[in-house]
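The values are calculated or read from the model by the stated rules, or taken from the named source; none is laboratory data. Since this is a predicted model, take the numbers as computed values, not measurements. Quick reminder, even Gly has a Cβ in these numbers, built from the backbone with ideal geometry, and neighbours come from all protein chains shown.
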Amino acid sequence: MATTLAAPSHGTHRALSASVWVAQVFLAVAFAGAGIMKLGTPIAELAQSYRWVADVSPGLVRFIGLCELAGAVGVLLPSLTRIRPFLAVGAAICLDLLMLMAASFHLVRGEFGALAPPIILGAIAAFVAWGRSPERAPIAPRTKPRNAR
């Protein structure tokens, strides 16, 4: 016996869309803060708060910060402007992968206390990628005016 999934009701769609918006804003704020911190704080100062920073190259720390900042912009800006809003899904997937790598890094090092943030942020990023997928609650792209070419 074949079953089909019913399309979500308008109320369900609105609730999901609102939830994904909250998650997108949260991710943007969290990753922008983390990225700016890794890009703008002296490495020696970061190493006092985060033990792992002293064990990797400064270039890697800055690169991670740049990725976090780019992810923060990418997970929110395309949806806000409605210019290629599907890019927010890609940014959320990239942030999820970044958090998977961070969790793996801390797990290998035995830093179990550092696992919660990447697991939680990764789960939220996965929710955004799922929620903004074409089947769930995508953002409609901006339409061109009729007189535009």
Residues of segment 102-135 being in a helix (DSSP H, G or I) and either over 14 Å from the mean Cα position of the chain (by Cα) or of a type in the set (Phe, Trp, Tyr) (or both), in sequence order, are ALA103, SER104, PHE105, HIS106, LEU107, VAL108, PHE112, GLY113, ALA114, ALA116, PHE127, TRP130
With the condition kept exactly as written, say whether any residue in segment 83-101 is more than 15 Å from the chain's Cα centre (by Cα) and of a type in the set (Asp, Glu).
-> no
Flagged pairs (Cβ under 6 angstrom, 6 or more apart or on separate chains; first in segment 113-125, in contact (Cβ under 8 Å) with a residue 40 or more places away in the chain; second β-branched (Val, Ile, Thr)) are none
Hey, can you tell me all the residues within segment 62-115 that are within 19 Å of MET37 (Cα to Cα) and of a type in the set (Asp, Glu)?
-> GLU68
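Conditions (1) more than 20 Å from ILE93 (Cα to Cα); (2) over 18 Å from the mean Cα position of the chain (by Cα); (3) surrounded by fewer than 15 Cβ atoms within 10 Å (Cβ to Cβ), marked per residue:
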{"site": "VAL29", "(1), (2), (3)": "no, no, yes"}
{"site": "ALA47", "(1), (2), (3)": "yes, yes, no"}
{"site": "ALA54", "(1), (2), (3)": "yes, yes, yes"}
{"site": "SER57", "(1), (2), (3)": "yes, yes, yes"}
{"site": "PHE63", "(1), (2), (3)": "no, no, yes"}
{"site": "GLU68", "(1), (2), (3)": "no, no, no"}
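Looking only at segment 30-57, count how many residues are out of contact with any Leu (no Cβ under 9 Å at 6 or more places or on another chain), of a type outside the set (Lys, Arg) and assigned to a helix (DSSP H, G or I).
Start the filter on segment 30-57 by keeping residues that are out of contact with any Leu (no Cβ under 9 Å at 6 or more places or on another chain), which leaves 33, 40-52, 55-57.
Adding the requirement that they be of a type outside the set (Lys, Arg) leaves 33, 40-50, 52, 55-57.
Now restrict to residues that are assigned to a helix (DSSP H, G or I): 33, 40, 43-49, 52, 55.
Counting residues in segment 30-57 that are out of contact with any Leu (no Cβ under 9 Å at 6 or more places or on another chain), of a type outside the set (Lys, Arg) and assigned to a helix (DSSP H, G or I) gives 11.
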Between residues in segment 90-112 that are more than 15 Å from GLY65 (Cα to Cα) and residues that are in a helix (DSSP H, G or I) and β-branched (Val, Ile, Thr), which pairs lie under 6 Å by C-beta distance while being six or more apart or on different chains?
-> ALA92/VAL75; ALA92/VAL128; ALA103/ILE119
Do we find a residue being of a type in the set (D, E, K, R) and not in a helix (DSSP H, G or I) anywhere in segment 88-97?
-> no
The residue that is modelled with the lowest pLDDT, considering only those in segment 125-149 that are within 15 Å of PRO78 (Cβ to Cβ) and basic (Lys, Arg), is ARG142
Does ARG84 meet the test of being of a type in the set (Lys, Arg), buried (at least 19 other Cβ atoms within 10 Å of the Cβ) and under 30 Å from PRO145 (Cβ atoms)?
-> no
If only one of ALA103, ALA47, ALA30, ALA91 is farther than 24 Å from ALA129 by Cα and in contact with a helix residue (DSSP H, G or I) (Cβ under 8 Å, 6 or more places away or on another chain), which one is it?
-> ALA47
Kindly establish whether LEU66 is touching a residue at least 12 places away in the same chain (Cβ under 8 Å), of a type in the set (A, V, I, L, M, F, W, C) and farther than 21 Å from VAL22 by Cβ.
-> yes
